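Asker: Right, I'll just put the structure down here and ask away after.
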Amino acid sequence: MSRKYLIAGNWKMNKTASEAEDLVGEINTSVGSQTTVQVCVCPAFTALAKTSELVEQTEVFLGSQNMNAESSGAYTGEISAEMLRDLYVSFVILGHSERRQYYGEISTAINLKVLAAVQNNLKPIYCIGETLEEREAGQTLAVVRQQVREGLANFPTNAIEHLVLAYEPVWAIGTGKTATDEMAQEVHADIRQVLAEMFGESASASVRILYGGSMKPDNAQSLLSQPDVDGGLIGGASLTSRAFCGIVEAARALS
Ligand code: 13P
């Protein structure tokens, strides 16, 4: 089963719509017409509409950083799947550790978002990962397994090719500390095993599992060359085209 690399930039709370114009213009020029690697940018909500126009004629996909599980109604400050589809959003990051940590999101609630996303033809990028405390206590695999099982409960097997996971060890996010290639591979292989238990071997083999946490052009190639690492969810290095496109090039070189 060959899985196309996906390199997704999570801009977090950075870049206005006008700043997005510069960054996306450079990304388009550099990697916007190639299809060897799937490239996705995930701006803040306020820059989605502009970015959508900017990538319209390119091979770059648009992603959102969050959404609500409900389809409409009295949910002040929230955004629905339909609103994202209206802007031609393809991917949605769900359950990022910053949402878990600062906004109290838990896997069982994130599960409702994952299901709503796939029902609305959005591809969820479901994020999981352990804290430093959990790693040091030897709980990494148990924590990640539970996040996978809870977050993906009732996921329809016939839509499995639309599912993307992102393993992001919390201690590696924005810290400059990266999981070693072996650490990443160990957890990714274990996640794939859980997916096989939940959905069957062939479904599991079709799911892309991204690594996230201080991925940069200089460590991307060795992480991406691990057999179960199918791409990257990039934070800091997605804010400049040089670093982001450098990671895309690393994935292209391995494809
Ligand atoms: P950094 O690449 O800045 O470590 O962030 C990773 C991340 O959280 C992507 O979602």
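Asker: Only one of ASP228, ASP218 is within 15 Å of the ligand (Cβ to nearest atom) and either part of a strand (DSSP E or B) or open to solvent by 10 Å² or more (accessible area, probe 1.4 Å) (or both). Can you tell me which?
Answerer: On the way: ASP228 fails: within 15 Å of the ligand (Cβ to nearest atom).
The conditions single out ASP218.
Asker: In region 231-255, what residues are under 13 Å from CYS40 (Cα atoms), small (Gly, Ala, Ser) and outside any loop (DSSP other than H, G, I, E, B)?
Answerer: GLY231, GLY232, SER238, SER241
Asker: Follow-up question, since we're still on this one. All but one of (1) touching a Leu at 6+ places or on another chain (Cβ under 6 Å); (2) within 16 Å of the ligand (Cβ to nearest atom); (3) farther than 26 Å from SER2 by Cα hold for GLU98, so report the exception by its number.
Answerer: (1)
Asker: So which residues in region 6-37 are over 17 Å from SER241 (Cβ atoms) and within 16 Å of the ligand (Cβ to nearest atom), if there are any at all?
Answerer: Selection gives LEU6, MET13.
The values are calculated or read from the model by the stated rules, or taken from the named source; none is laboratory data. Please read all numbers here as calculations on a predicted model, not as lab measurements. Neighbour counts are summed over all protein chains in view; Cβ atoms, including those assigned to glycine, are modelled from backbone coordinates with ideal geometry. Accessible surface areas use protein heavy atoms only, side chains included; no ligands, DNA or RNA. Shrake-Rupley method; radii C 1.70, N 1.55, O 1.52, S 1.80 Å.
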